[in-house]
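Have a look at the structure below before the remarks.
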Amino acid sequence: MPRLLWTQKEDIGPIARHATALAYDMARRHVVLFGGQNFVDNNVGAGEELRGDTWRWDGESWAQIADMGPRRRYMHALAYDRGRERIVLFGGVTWSAPDGGPEGSLGDTWEWDGVYWTQLADTGPAPRAGMAMVYDDARERVVLFGGGNDAGYFGDTWEWNGEEWAQREDIGPAPRTSHAMAYDARRRCVVLYGGTVATQQAPKVTSASDTWELSDDGWIQRSDMGPGRLEEHAMAHDARGTILFGGRRLGRSAVHAIAETWEWDGRLWIQRQDMGPAARYACAMAYDADRDRVVLFGGRSDKVAMNFGDTWELADALPVP
């Protein structure tokens, strides 16, 4: 079986940041990035900034393509609506400076058509951040699950049809935030892993290690084993399976960032790679279907006070002789 290999492509482009979002624009054949949070001079003690910039990655270089549109934010979600050839943005967290308006969780829905951002809705899911969102190709809907705000965590499932949001499910995975999802086109289901969930005991929150799938039959839990109890990891589905990278793993005494690559084949999680990007959490990934590459950008280190601004790609290497 071919081995998966990470290759670093760029260390220049968007400013180093975490809690950004990526989506692959199939119509225009590039990865799109929006927003995130960065440290001034990449130094936590120097303060934090929010970003509201839009970039594209064509496989060779980054180019900024907009600096106007949705408010600056982080912990938002992006998904590409293949039927309508639009990238959909929902929610996140913002604060008042420097662009005005109230701070806190957002509940707005925007679309990117390759040239302009347009706000389409401010109703639907409650304002939130840390949710996950993917496009369900079989149902031709953008699917959103979970997230949280100051009132707590959500366990609701919503679908966007291009005009309005409709709540689909109120049962399934426990309410959570900082989880990840990907759409398995071959098996026609949404795959969800991990996240931060509430508990009745101290500490009041913990990380989850469960795998769920959403199809026409609703949510079904498939496994409670795999990469471990993770939060703020990233997932994308390539031509072979669902890829998971990084995140923060809950250990016996502490939470620490990891640099592991795992693959879900529909039955089991298999660790594929322990070399490549440095350990990080709150990074973003998307699958470039035309180039058959999983693209990763950014994230935050828990060893030093810094964000990452590097770009990596994961692809099949040549088989070992």
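Observations on the model:
- If you go through segment 6-25 and pick out every residue that is more than 24 Å from R73 (Cβ to Cβ) and surrounded by fewer than 16 Cβ atoms within 10 Å (Cβ to Cβ), you end up with 3.
- Restricting attention to segment 73-85, the residues that are crowded, with 22+ Cβ neighbours inside 10 Å and among the basic types (K, R) total 1.
- For segment 173-206, a residue qualifies if it is small (G, A, S) and under 20 Å from the mean Cα position of the chain (by Cα), and the qualifying residues are A174, S178, A180, A182, A185, G194, G195.
- When residues in segment 264-321 are screened for being in contact (Cβ under 8 Å) with a residue 24 or more places away in the chain and not in a loop (DSSP other than H, G, I, E, B), 25 of them pass.
Rundown of residues vs (1) of a type in the set (G, A, S); (2) in contact with a strand residue (DSSP E or B) (Cβ under 7 Å, 6 or more places away or on another chain); (3) assigned to a strand (DSSP E or B), yes/no style:
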{"residue": "V191", "(1), (2), (3)": "no, yes, yes"}
{"residue": "S207", "(1), (2), (3)": "yes, yes, yes"}
{"residue": "Q221", "(1), (2), (3)": "no, yes, yes"}
{"residue": "G228", "(1), (2), (3)": "yes, yes, no"}
{"residue": "L244", "(1), (2), (3)": "no, yes, yes"}
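- Tally of residues being under 20 Å from A23 (Cβ atoms) and not hydrophobic (A, V, I, L, M, F, W, C) across segment 155-185: 10
- All positions within segment 111-138 that are more than 20 Å from G52 (Cβ to Cβ) and surrounded by fewer than 17 Cβ atoms within 10 Å (Cβ to Cβ): T123, A126, D137, A138
Values in this text are rule-based calculations from the coordinates and carry no lab data. Everything numeric here is computed off the predicted structure, so don't read it as measured data. All Cβ positions, even for glycine, are placed from backbone atoms using ideal geometry, and neighbour counts span all protein chains on display.
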